[in-house]
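The values are calculated or read from the model by the stated rules, or taken from the named source; none is laboratory data. For clarity, every value in this text was computed on a predicted model and none was experimentally measured. Cβ sites come from the backbone with ideal geometry, for glycine too, and all protein chains shown count toward neighbours.
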Amino acid sequence: MKNILLLGSGGRECALAWKLSQSSLCGKFYIAPGNAGTSAYGINLPISYNDFEGIRKACIEHKIDILFPGPEDPLVAGIYDFCKNDPLLKHIVVVGPSKEGAQLEGSKAYSKKFMERHKIPTAAYKEFNLDSFERGVAYIKRSEPPIVIKADGLAAGKGVVIAQNTIDAVKAFRAMVMNEQFGEASKKVVIEQFLDGIELSVFAFTDGTNYVLLPEAKDYKRIGEGDTGPNTGGMGAISPVPFADDTFMQKVKDRIIEPTVKGLKDEGIIYNGFIFFGLIKVKDEPYVIEYNCRMGDPETEVVIPRLENDLVELILKMQEGKINEVTVQHSPKAAGAVMMVSEGYPGDYPKGRVMHGFEKVKGSLLFHAGTTVKDNNVVTNGGRVIAITSYGDNVKQAIAKSYENAEHIEYEGRYYRKDIGFEF
Ligand code: AMP
Ligand code: GLY
């Protein structure tokens, strides 16, 4: 039996908590800080996922064997190295890469250079900063719009601008490097070619040498129906992805996943955990839009329900360097998740709205995201509030069930997109 500490407080962590707690290998189970949903599966600890000292104390006090960071922040900040350099924590299995490995997500310039070195297909790009501002402007002027401008560092999904013309591109570039729009994160900027295609998310779980593939997913990033309006963390997800057929997935493995895992190993970068490949299919060819060093949210809310293996067993096989001994079983059923959000999201939104109707939900899984308990009520506590996931014989059927149950969850100012998965 293994004692587990899961870090995070979103829908992703609620789905992971649901799954981890089902394992016969799961001993005592804690979530820091968790939400109103995760407390059904383990004990919530009031510790921020960025509070390394707090996490250290909790690991020692609760005799933690497995530390599982859900979000990227603690990984990019080096929680893996923090544990491995501490005599009292170094035995702990950390599900995630070293600080260096997490740079695949933490720095766009780092990940572009990595892809260049390993000939992994991605958009053509150049990197600029304040010193090379004039050259950056000249590069923009030579480029064919649309032009993609990306802050180098973590910017909570807001650091990417797709400019439709040169003037807007220069404006975005200036705001990032001259005005430090995203602070430290936009001191460096990647300017890249726009790829016109359809996106999907692919997840590998690696022990540093071998990998297994989890079910793939597609998320819906824009706030508005028909993919309109500003980007959000994700408004829903489906799995499997109908256009990710065997031929396409073979190209993804050969050209992207294998060179990535091999590249990390050859360069001596410690990476034990998830690699999330944000891909785009252009005509029939896959390209990498971005790497993430963790699972996706809301993709996890459909991927994990379709994973039939014991997740703790997978983690232990990873630790032994024997992930290749595992046969990953994907459920033949489709899964669809609808994310219910607060009015105003992804801008400012209210918190503390009392939620009702949970008991009326039948035949779906509820993964809490931004919720908490106040005066014995479950109340909203974030932009993304709750994910409703359902299974079906196909994506349409799964999503239809989630919509049926979404009607039952009530709170003031609730909003959700009504077109998740409708193109399939
Ligand atoms: P990223 O943070 O790099 O994943 O970018 C956020 C979103 O911007 C992606 O999910 C895409 O929808 C879009 N995007 C980023 N880079 C490109 C690109 N080179 N071509 C087209 N769309 C892009
Ligand atoms: N849903 C996209 C992400 O988790 O980054």
*asked:* With the condition being under 24 Å from Tyr416 (Cβ atoms), I'd like the helices (runs of 4 or more DSSP H) fully within the range 215-306 carrying at least 3 qualifying residues.
replied: 300-306
*Which ones in the range 328-372 are of a type in the set (S, T, N, Q) and either touching a Phe, Trp or Tyr at 6+ places or on another chain (Cβ under 6 Å) or in contact (Cβ under 8 Å) with a residue 40 or more places away in the chain (or both)?*
Ser331, Ser342, Ser364, Thr371, Thr372
*Select from the range 127-180 the residues that are acidic (Asp, Glu), assigned to a loop (DSSP other than H, G, I, E, B), within 26 Å of Asn292 (Cβ to Cβ) and within 16 Å of ligand 1 (Cβ to nearest atom) and list them in ascending order.*
Asp152
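Please find, among Ala17, Ala32, Ala58, the residue that is without any contact (Cβ under 8 Å) to a residue 40 or more places away in the chain, outside any strand (DSSP E or B) and among the hydrophobic types (A, V, I, L, M, F, W, C). Step through it out loud before you land on a result.
Values: Ala32 fails: outside any strand (DSSP E or B); Ala58 fails: without any contact (Cβ under 8 Å) to a residue 40 or more places away in the chain.
From the options Ala17, Ala32, Ala58, the qualifying one is Ala17.
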*Could you check Ile238 against (1) within 13 Å of ligand 1 (Cβ to nearest atom); (2) touching a residue at least 40 places away in the same chain (Cβ under 8 Å); (3) in contact with a Gly (Cβ under 7 Å, 6 or more places away or on another chain); (4) of a type in the set (A, V, I, L, M, F, W, C) and say which number it fails?*
(1)
*asked:* Looking at Thr228 and the list (1) away from ligand 2 (no atom under 13 Å from the Cβ); (2) modelled with pLDDT under 95; (3) under 20 Å from Thr300 (Cα atoms), which single condition is not satisfied?
replied: (3)
*Take the range 115-126 and flag every residue that is part of a strand (DSSP E or B) and either near ligand 1 (Cβ under 9 Å from one of its atoms) or surrounded by 19 or more Cβ atoms within 10 Å (Cβ to Cβ) (or both).*
Thr122, Tyr125
_Given (1) more than 21 Å from Gly153 (Cα to Cα); (2) surrounded by 16 or more Cβ atoms within 10 Å (Cβ to Cβ), index of the condition Ile140 fails_ = (1)
*Any pair with Cβ under 9 angstrom, 6 or more apart, that starts in the range 284-301 at a residue that is closer than 18 Å to Lys150 by Cβ and among the aromatic types (Phe, Trp, Tyr) and ends at one that is near ligand 2 (Cβ under 10 Å from one of its atoms) and part of a strand (DSSP E or B)*: Tyr291/Phe276; Tyr291/Gly278
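Is one or more of the residues making up the range 320-330 within 16 Å of ligand 2 (Cβ to nearest atom), of a type in the set (A, V, I, L, M), more than 20 Å from Pro69 (Cβ to Cβ) and in contact with a strand residue (DSSP E or B) (Cβ under 8 Å, 6 or more places away or on another chain)?
Step one: of the range 320-330, the residues within 16 Å of ligand 2 (Cβ to nearest atom) are none.
The answer is no, given that none of the residues of the range 320-330 is within 16 Å of ligand 2 (Cβ to nearest atom), of a type in the set (A, V, I, L, M), more than 20 Å from Pro69 (Cβ to Cβ) and in contact with a strand residue (DSSP E or B) (Cβ under 8 Å, 6 or more places away or on another chain).
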*From Thr371, Thr380, which residue is polar (S, T, N, Q), surrounded by 20 or more Cβ atoms within 10 Å (Cβ to Cβ) and under 20 Å from the mean Cα position of the chain (by Cα)?*
Thr371
*Could you list, in sequence order, the residues of the range 307-326 that are surrounded by fewer than 18 Cβ atoms within 10 Å (Cβ to Cβ) and either at positive phi or in a strand (DSSP E or B) (or both)?*
Gly321
*Out of Ile289, Ile270, Ile275, which single residue is over 21 Å from Glu301 (Cα atoms), within 16 Å of ligand 2 (Cβ to nearest atom) and not small (Gly, Ala, Ser)?*
Ile289
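Quick check on Asn231: is it within 16 Å of ligand 1 (Cβ to nearest atom) and surrounded by fewer than 23 Cβ atoms within 10 Å (Cβ to Cβ)?
Spelling it out, Asn231 is indeed within 16 Å of ligand 1 (Cβ to nearest atom) and surrounded by fewer than 23 Cβ atoms within 10 Å (Cβ to Cβ).
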_Report every pair of residues separated by at least 6 positions or lying on different chains whose Cβ atoms are under 6 Å apart, first residue within the range 87-107 and touching a residue at least 24 places away in the same chain (Cβ under 8 Å) and at negative phi, second in a loop (DSSP other than H, G, I, E, B) and of a type in the set (Asp, Glu)._
Ser107/Asp152
_Verdict on Lys112 being closer than 22 Å to Arg255 by Cα and crowded, with 22+ Cβ neighbours inside 10 Å_ = yes
_Contacts under 6 angstrom Cβ, first residue in the range 242-261 being over 16 Å from Val282 (Cβ atoms), partner of a type outside the set (Phe, Trp, Tyr) and at pLDDT 95 or above, 6 or more apart_ = Ile257/Ala204; Pro259/His118; Pro259/Ile120; Val261/Thr206
*May I ask you to list the residues in the range 175-206 that are at pLDDT 90 or above, surrounded by fewer than 17 Cβ atoms within 10 Å (Cβ to Cβ) and either out of contact with any strand residue (DSSP E or B) (no Cβ under 6 Å at 6 or more places or on another chain) or of a type in the set (S, T, N, Q) (or both)?*
Gln193, Asp196
*If you go through the range 214-226 one residue at a time, do you hit one that is without any contact (Cβ under 8 Å) to a residue 24 or more places away in the chain and not basic (Lys, Arg)?*
no
*Would you be able to say whether some residue in the range 37-59 is crowded, with 24+ Cβ neighbours inside 10 Å, in contact with a Ser or Thr (Cβ under 8 Å, 6 or more places away or on another chain), among the small types (Gly, Ala, Ser) and within 30 Å of Gly236 (Cβ to Cβ)?*
yes
_Pick from the range 192-221, criterion among the charged types (D, E, K, R) and more than 12 Å from ligand 2 (Cβ to nearest atom), ranking: nearest to Ile147 (Cα to Cα)_ = Glu192
